[in-house]
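Inspection log for the structure reproduced underneath, given as structure tokens.
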Amino acid sequence: QPVVAVVGRPNVGKSTLVNRIIGRRQAVVEDVPGVTRDRVPYDAQWNGRAFTVVDTGGWEPDAKDRAAAIAAQAETAVVTADVVLFVVDAMVGSTDVDEAAVKMLRRSAKPVILVANKADNTSIEMEATSLWSLGLGEPFTVSALHGRGSGDLLDAILDALPEAPAIVENRPRGPRRVALVGRPNVGKSSLLNRFSGEDRAVVDSVAGTTVDPVDSLVEIGGQTWQLVDTAGLRKRVGKASGTEYYASLRTAGAIEAAEVAVVLLDSSEPISEQDQRILSMVTEAGRAMVIAFNKWDLVDADRRYYLDKEIDRELRRIPWAIRLNLSAMTGRAVDKLAPALNKALASWETRVPTAQLNQWLTALVQATPHPVRGGRAPRILFATQAGVAPPRFVLFTTGPLDAGYQRFVERKLREEFGYEGSPIEISVRPRK
Ligand code: GDP
């Protein structure tokens with residue numbers, strides 16, 4: 001998600017402007033203990049595009065070396081931003097402090113939009129034309145307080161932002177796409193037959209959707225699902241149709257085409273390398289996942305105890321996957337499949353508001369800061385969720401993070417927000 005930084009002297013109306021941009025959907029945090037107004041990010045939307053607004057707070061008004069304070073402030077804002085809003089007071093005009101800031105901003109290659117705030121009436125607007133002298137082009141005259149000119153400013157922000165995909169408010173309606181995968185003989189066809197046995201009516205059309213001929217529409221838990229690439233499962237010859245290589249390509253294709261994968265394992269046998277490969281394929285493709293331990297009817301009480309331990313060990317890299325113990329043969333726990341799929345898909349599409357994400361993050365890094373390495377410890381400045389399906393996060397930092405610390409952040413993120421059944425991706429953007 002692109003980032004817009006709001007920079008300017010104290011009292012030029014930055015908070016008011018941020019409130020205007022975010023439409024007061026979230027209140028600007030003015031004074032939370034431990035949270036400075038420095039670099040507080042908010043979610044904003046205009047004409048179907050989403051971006052993050054970072055309120056950089058005020059420059060230290062009584063810092064000894066004002067120019068240095070300005071430089072530091074502008075620099076931090078600018079390195080993490082895609083667009084900078086430079087706010088001045090239209091009633092005051094440009095000051096030497098503003099001019100010093102412009103020098104810093106110019107050195108960055110970032111697009112800067114000049115905003116002349118407090119232009120509450122036309123006569124102030126006229127005076128604002130003198131701000132051309134700052135060399136940042138036409139000043140956008142706005143009254144953040146009254147809303148005057150804010151639509152034009154938002155249009156200008158969108159023009160300056162890098163291309164970003166439009167927000168998909170509602171995913172197209174239609175059945176969710178599920179891949180049913182697993183090595184030969186784990187019981188895929190048996191499970192599929194549970195849902196679409198020849199004696200039962202297979203759902204064959206849903207209004208307004210097209211289904212690939214190799215896919216099947218089946219009803220699971222009173223809901224219609226699109227099982228991708230079931231052609232090979234239906235024909236019993238599918239199993240004989242060739243090499244492991246071919247099967248693996250087919251599995252990869254099915255996972256790619258699906259939103260959520262059911263990975264079937266055989267509970268009567270140890271988890272194999274081939275099973276692990278399939279599990280990795282799902283994780284690497286970033287799909288939601290339910291692991292179904294089939295043939296649970298073959299597991300007796302003695303084995304069950306060891307099995308739990310073995311499974312925990314084998315699946316330690318994907319503790320977030322939803323696990324079910326079922327039997328395609330007896331029908332045990334087969335009714336748990338649809339709720340598990342829905343849960344995994346919900347996690348996969350979760351979006352955490354930026355303010356909430358950063359409140360949590362601020363508390364986390366305060367309680368457990370990054371360990372000091374060679375006398376320095378990178379700081380996490382803020383985070384945004386860059387996307388969903390699966391949830392993707394970007395951490396803006398002052399330097400690269402230790403792999404261990406990054407894993408710690410991911411674990412805590414999961415503890416806080418869930419994501420059961422979904423992988424999540426975290427990338428780190430250290431400022432240069
Ligand atoms: P696929 O290759 O993954 O499609 O596996 P199949 O559905 O062909 O099943 C392989 C074998 O396992 C068949 O002999 C099935 O009858 C058997 N099987 C499948 N599910 C179960 C189950 O839940 N319990 C038991 N005991 N056997 C099963």
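When region 10-24 is filtered for residues that are outside any loop (DSSP other than H, G, I, E, B) and among the basic types (K, R), the ones remaining, listed by number, are K14, R20.
Any residue at all in region 303-314 that's away from the ligand (no atom under 16 Å from the Cβ), surrounded by fewer than 17 Cβ atoms within 10 Å (Cβ to Cβ), part of a loop (DSSP other than H, G, I, E, B) and free of Cβ contacts under 8 Å to residues at least 12 places away in the same chain? Among the residues of region 303-314, not one is away from the ligand (no atom under 16 Å from the Cβ), surrounded by fewer than 17 Cβ atoms within 10 Å (Cβ to Cβ), part of a loop (DSSP other than H, G, I, E, B) and free of Cβ contacts under 8 Å to residues at least 12 places away in the same chain, which makes the answer no. I'm checking my understanding of the structure. Among residues of region 328-358 that are part of a loop (DSSP other than H, G, I, E, B) and within 13 Å of the chain's Cα centre (by Cα), which one is nearest to W225 (Cα to Cα)? Checked region 328-358; the qualifying residue nearest to W225 (Cα to Cα) is E349. Against the conditions (1) hydrophobic (A, V, I, L, M, F, W, C); (2) under 18 Å from the mean Cα position of the chain (by Cα); (3) within 30 Å of A44 (Cβ to Cβ), A285 satisfies every one except (3).
Among all positions in region 79-88, there is at least one residue which is in a helix (DSSP H, G or I), of a type in the set (A, V, I, L, M, F, W, C) and under 18 Å from F51 (Cα atoms).
Checking D152, D120 one by one, the residue that is among the acidic types (D, E), more than 16 Å from the ligand (Cβ to nearest atom), touching a strand residue (DSSP E or B) at 6+ places or on another chain (Cβ under 9 Å) and modelled with pLDDT of 85 or more is D152 and no other.
Here is the figure for region 276-302: residues that are at pLDDT 90 or above, away from the ligand (no atom under 16 Å from the Cβ) and of a type outside the set (A, V, I, L, M) total 6.
The values are calculated or read from the model by the stated rules, or taken from the named source; none is laboratory data. Note that the structure is predicted; figures quoted are calculated from it, not measured. A quick note on method: Cβ atoms are made from the backbone with ideal geometry, for glycine too, and the neighbour counts reach across all protein chains shown.
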